[in-house]
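Note sheet for the following structure.
The values are calculated or read from the model by the stated rules, or taken from the named source; none is laboratory data. Not measured: the values here are computed from a predicted model. Using ideal geometry, Cβ is built from the backbone for each residue, glycine included, and neighbour counts are taken over all protein chains shown. Just so you know, the surface numbers come from the protein's heavy atoms only, side chains and all, with ligands and any DNA or RNA stripped out. Shrake-Rupley method; radii C 1.70, N 1.55, O 1.52, S 1.80 Å.
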Amino acid sequence: MSLSSQVLPIRFGVFEISPRTSELRKHGLKVKLGQQAFKLLLLLLQRPGETRTREELRQQLWPSNTFVDFEHSLNKAVHLLRQALGDSASNPRYIETIAGQGYRFIPIQEGASRLAVRPRNGRKIDSLAVLPFANGSVDPDMEFLTERITERVIDTISRISGIGVLAYSAVQRYREKDLDPRRVGQNLLVRAVAAGGMIRRNDELHLHVELIDVGSGTQLWGAQFKEPYSDVLVRPEKLADKICHRLRLVLAPNMSTRRRERPERAA
C-alpha cells in the first residue's frame with residue numbers, strides 16, 4: 001500500500017503527517033508546507049533509510065509532460081521541507097543528502113537501546129538537560145502537567161550515577177514550542193537534551209519524548225506515550241515514571257542509582 005493511500009497519520013519525532021488531509025503537524029499544531037515538499041516527504045517516508053534518487057523523485061513529483069526546471073524545483077522542495085522540519089543539511093536529523101545520488105529519510109529509533117548511549121564522538125553522555133515539554137496551550141491544567149512531569153523526570157534521572165542533570169530552575173524558561181533543543185543544549189553546556197511535546201485530544205494525552213545529541217544534532221532515542229488525560233491529571237507522576245524508566249534503559253541500563261529515592265513533593 002502506498003503512503004498516499006494511507007488513512008492513518010504517520011508519526012516521526014515530534015511530527016505527524018496525514019496523507020489523507022495533506023497536513024503536517026508539529027506537537028499537534030499545523031505546519032505550513034507546500035504541495036511538492038509534502039509529496040517529497042511522503043516519498044521519503046515510504047522507504048525510510050533508503051536513498052531515493054533524484055531521477056526517482058523527478059518521475060514521481062513531475063510527470064514527463066510537465067515542463068519545469070527540475071533541479072531548481074527539487075532543491076527548493078528540499079529546502080522548504082527542511083525549513084518546515086527545522087532540519088539542517090549539514091547536521092540532518094530527518095532528511096539526509098546522499099552526494100551524487102539523492103536523499104533519504106533518516107530512520108528514528110523508537111525503542112530503548114540496551115547499551116548505554118554514546119554520541120558520535122564516542123564519549124558517554126554525562127550531562128543532560130530535560131526541557132519542559134511543549135504543549136502549545138494556555139490551559140492551566142496543561143501547564144501544571146508540564147511542570148510536574150518535567151520536575152519528576154529531572155528528580156528521578158538525577159539519581160543515576162555518573163549523569164549530571166540540570167535543575168528545573170535552570171531549564172524552566174525554555175518552554176517555547178519552536179526552540180531548537182540542540183542550540184539550547186549548547187547554551188546550557190550539556191552533552192544531551194531530552195525534549196518533546198504533549199497535546200490533549202479529548203480525554204487522551206499524547207506525549208512524545210526524544211533524546212538529542214547536542215554535539216551532532218542527531219536523535220539518539222525517541223518514544224511515544226498515550227494516556228487517559230483524566231488519569232494523568234490526577235497522577236502525573238505515573239506518566240513521568242514511565243518516561244524515566246525508558247530513559248534510564250537508554251542512558252544507563254547497568255548503573256545503580258547514586259542515592260535513595262527522595263520523597264514525592266506535595267501536590
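Would you check if there is a residue in the stretch 122-139 being assigned to a helix (DSSP H, G or I) and open to solvent by 10 Å² or more (accessible area, probe 1.4 Å)? There is no residue in the stretch 122-139 that is assigned to a helix (DSSP H, G or I) and open to solvent by 10 Å² or more (accessible area, probe 1.4 Å).
Number of residues in the stretch 37-53 that are open to solvent by less than 50 Å² (accessible area, probe 1.4 Å) and not in a strand (DSSP E or B) equals 10. Residue-level analysis places Gly102 among those that are at pLDDT 90 or above and more than 20 Å from the chain's Cα centre (by Cα). Failed condition for Arg114, given (1) open to solvent by 60 Å² or more (accessible area, probe 1.4 Å); (2) modelled with pLDDT of 90 or more, with all others met? With respect to (1) open to solvent by 60 Å² or more (accessible area, probe 1.4 Å); (2) modelled with pLDDT of 90 or more, Arg114 is out only on (2). Criterion first (buried (at least 19 other Cβ atoms within 10 Å of the Cβ) and at pLDDT 90 or above) does Leu24 satisfy it? So Leu24 fails the test. Counting only residues that are open to solvent by 40 Å² or more (accessible area, probe 1.4 Å) and assigned to a helix (DSSP H, G or I), the stretch 140-167 holds 6 of them.
For beta carbons closer than 9 Å, sequence separation of 6+ or different chains, a first residue in the stretch 86-108 that is open to solvent by less than 20 Å² (accessible area, probe 1.4 Å) and a second that is assigned to a loop (DSSP other than H, G, I, E, B) and among the aliphatic types (A, V, I, L, M), the qualifying pairs are Tyr94/Ile106; Tyr94/Ile108; Ile95/Ala89; Ile95/Ile106.
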